[in-house]
């Protein structure tokens, strides 16, 4: 896993988190108010699920950055408390009743979560390779 990949996923997660916050807190109010009361509750639950997925993703990516920076070892990063957290599934029947804008955010968060989950699960099989440039920088730092 490369720092560039981690940074790219981190930016994607942060942008998606900002879009979700803007929609669920402000821009989606009219959409939410147009829903039946029980669907409105489901809409709120889905907004929490999106937020939960994104916070788990961001926490996992920050852990990977800490490994890259030498603040954590790979073994520490693989501890269960530092793995990608569980994300609850959405109810397909509820999703059919939600506005398109909400569905797009939900699906985007699910897609990103699935990609990061594959990386998390694959992390057990692949040990990160040290960067030659980073090794050179570390040697220079030690010599100074």
Within segment 119-130, of all residues that are modelled with pLDDT of 75 or more and surrounded by 13 or more Cβ atoms within 10 Å (Cβ to Cβ), the one nearest to residue 78 (Cα to Cα) is 120
Within segment 44-64, residues surrounded by fewer than 19 Cβ atoms within 10 Å (Cβ to Cβ) and more than 18 Å from residue 15 (Cα to Cα) come out as 44, 45
Only one of (1) under 16 Å from the mean Cα position of the chain (by Cα); (2) over 14 Å from residue 20 (Cα atoms); (3) surrounded by 14 or more Cβ atoms within 10 Å (Cβ to Cβ) does not apply to residue 114, and that is (3)
Only one of 16, 72, 103 is in contact with a helix residue (DSSP H, G or I) (Cβ under 9 Å, 6 or more places away or on another chain), surrounded by 14 or more Cβ atoms within 10 Å (Cβ to Cβ) and touching a residue at least 24 places away in the same chain (Cβ under 8 Å), namely 16
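The values are calculated or read from the model by the stated rules, or taken from the named source; none is laboratory data. Predicted model only: the values in this text are computed from it and were never measured. For neighbour counting, all protein chains shown are included, and Cβ atoms are generated from backbone atoms with ideal geometry for every residue, glycine included.
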